[in-house]
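K.L.:
Below is one structure. I have some questions about it.
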Amino acid sequence: TWLIVTPLVIFGLIAAYMAWDNTYGASAKKRVKEREDREQTERYHQYLKNFEDAMRADTYGGQTPEETLQLFITALKAGDIDLASKYFFLETNENSPDYLTRNKITKELDNQKVIGKLPWIISLLEKIESDSVNSISEDDASFVLKENGVVISEIDMQFNAFSHVWKIQSM
């Protein structure tokens with residue numbers, strides 16, 4: 001009987017070890033890590049695709065920083081806050097609830113309209129001289145806003161390389 005029992009016990013121990021290793025051992029941990037890495041890579045590629053798609057679709061803006069600024073001023077004069085906000089860069093902080101939107105800009109421009117500050121903002125923007133753009137790099141530029149000769153703000157512009165238009169980054 002020991003000739004029959006011994007091989008069965010050995011076979012049982014080998015099967016139990018293989019089952020344990022497959023479920024809890026190094027090979028199982030390796031498979032879990034590989035699956036997690038694959039999922040993380042897929043999430044990153046999806047994030048990148050969503051980002052690039054949104055940037056390519058963001059076509060509101062001019063071929064130069066000055067043109068985008070003029071388009072923005074024209075939209076403000078018309079009272080078209082939605083259009084004016086489209087000349088701003090999309091929110092790119094993925095932790096923000098406003099990611100890939102302009103919700104904060106639209107809300108702020110709406111607020112300025114409600115409190116009656118748009119005419120003042122427009123008048124300041126119209127005083128910017130077309131040759132006053134400061135090129136920081138080929139993809140970044142800025143304008144200086146002055147009131148009574150005093151710098152009160154700066155308008156930072158950035159080139160959207162996906163849609164090939166200039167956008168307002170901040171003001």
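K.L.:
Could you give log10 I(q)/I(0) at q = 0.16, 0.20, 0.25 Å⁻¹ for the range 27-81, computed by the Debye formula over C-alpha point scatterers of equal weight, without solvent?
P.N.:
-0.67, -0.81, -0.92
K.L.:
The range 85-147 to the range 1-69: how many Å between their Cα centroids?
P.N.:
What the calculation gives is 42 Å, centre to centre.
K.L.:
With all protein chains present, how much of the accessible area of the chain (probe radius 1.4 Å) comes from carbon and sulfur, to the nearest whole percent? Write out the running numbers ahead of the final one.
P.N.:
On the way: 6380 of 11390 Å².
Percent of accessible area from carbon and sulfur atoms in the chain: 56.
K.L.:
While we're on this one: Asn160's amide H: which non-local residues (gap 5+, or another chain) put their own amide H closer than 5 Å, with H modeled 1.01 Å from N in plane and none for Pro or chain starts?
P.N.:
Val165, Trp166, Lys167
K.L.:
Let me know the whole percent of all Cα-Cα pairs from the chain that are separated by more than 19 Å.
P.N.:
Values: 9848 of 14535 pairs.
Roughly 68 percent, once rounded to a whole number.
K.L.:
Using the Karplus curve 6.51 cos²θ - 1.76 cosθ + 1.60 with θ = phi - 60°, what ³J(HN,Hα) values do you get for each residue of the range 16-32, in whole Hz, with x for Gly and Pro?
P.N.:
Per-residue couplings from phi come out as 5, 5, 5, 5, 5, 4, 5, 9, 10, x, 4, 5, 5, 4, 5, 5, 4 Hz.
K.L.:
Still on this structure: Anyone know which of Tyr87, Tyr99, Tyr17 comes out most mobile in the 10 Å Cα GNM of the chain?
P.N.:
Looking only at Tyr87, Tyr99, Tyr17, the largest GNM fluctuation is found for Tyr17.
K.L.:
Let me know the whole percent of all Cα-Cα pairs from the range 96-171 that are separated by more than 18 Å.
P.N.:
Values: 1466 of 2850 pairs.
In whole percent, the long-distance tail amounts to 51.
K.L.:
Which pairs, out of Lys104/Lys127; Lys86/Lys117; Lys77/Lys104; Lys49/Lys146, put more than 28 Å between their alpha-carbon atoms?
P.N.:
Details: Lys104/Lys127 26 Å; Lys86/Lys117 19 Å; Lys77/Lys104 20 Å; Lys49/Lys146 40 Å.
Too far apart for the 28 Å limit: Lys49/Lys146.
The values are calculated or read from the model by the stated rules, or taken from the named source; none is laboratory data. Nothing here was measured: the structure is a model prediction, and the numbers come from that model. With ligands, DNA and RNA removed, areas are computed over all heavy atoms of the protein, side chains included. Shrake-Rupley method; radii C 1.70, N 1.55, O 1.52, S 1.80 Å.
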